Amino acid sequence: MNKEEILTALKSVIMQMDPDLPADAIIPAADLRNDLAFDSLDIYELLWHLDKELNLRGAWHENDFPKLENCRTVADIADLYADLSARPTAGRK
């Protein structure tokens, strides 16, 4: 799965979570908190839906969770999921 496919899925999930959000606001540089008004709970809900959408539930490792603290933008989330999807364990659970 490439980054563009992940960005498309990410945009779709965000639009499902907040249908009032303009589609053109969901760009790679959009800050999850400041531009999209996501709080911590929204971000974790976003990750849960994205895991399901991309079938990556088995790809997470314990050392991945601290990386989430550095995810500020849509592109940051897409980069993290690109790394996850490249793992041999991705999509097995």
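Taken together, the values in this text are just the output of simple stated rules run on the coordinates, not laboratory data. These figures come from a predicted structure and were not determined experimentally. Cβ atoms come from the backbone with ideal geometry, glycine included; neighbour counts cover every protein chain shown.
Structure above, values below:
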read-out	value
Local net charge near GLU69, Cβ-Cβ under 15 Å (Lys/Arg +1, Asp/Glu -1)	-3
For ASP31, residues with placed amide H under 5 Å, excluding near neighbours	LEU36
Cα coordinate range in the chain, projected on the principal axes (Å, largest first)	36, 23, 19
Distance (nanometres) between label positions extended 7 Å along Cα→Cβ at LYS67 and ARG87	0.8
Relative contact order of the chain, pairs being alpha-carbon contacts under 8 Å that are 6 or more residues apart, as %	40
